[in-house]
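Trainee: Could you have a look at this structure, given as structure tokens, before my questions?
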Amino acid sequence: MRRRRHDRRHDRRRDERGDVPGWVLITIMTISIGVALWGIAQPQLVGILQSALNSVR
């Protein structure tokens with residue numbers, strides 16, 4: 001009985017370790033999409049931000 005519990009815990013830990021590369025990939029892809037969108041829309045975003053800040057002044 002003890003051995004089975006230990007094996008299940010060990011298997012669970014091994015499965016969780018396998019998820020780390022997936023999360024790393026998702027993070028890198030999200031950052032890449034953000035950088036790409038910023039590169040494309042930077043002039044428009046800067047203009048919107050400046051307009052909003054100027055209207056507050």
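Trainee: Output wanted: per-residue J couplings in Hz (rounded whole) for region 26-40, from phi through Karplus 6.51 cos²θ - 1.76 cosθ + 1.60, θ = phi - 60°, x for Gly and Pro.
Mentor: 4, 5, 5, 5, 5, 4, 4, 5, x, 5, 4, 5, 4, x, 6
Trainee: Can you figure out the FRET efficiency of SER55 with SER32, using R₀ = 35 Å and their beta-carbon distance, to the nearest 0.05?
Mentor: Computed FRET efficiency for SER55 and SER32 comes out at 0.60.
Each reported figure results from applying straightforward, stated rules to the coordinates on display, with no laboratory input. In this text the structure is predicted, and so the values were computed from the model without any measurement. So basically every Cβ, Gly included, is an ideal-geometry build from the backbone, and we count neighbours across all protein chains shown.
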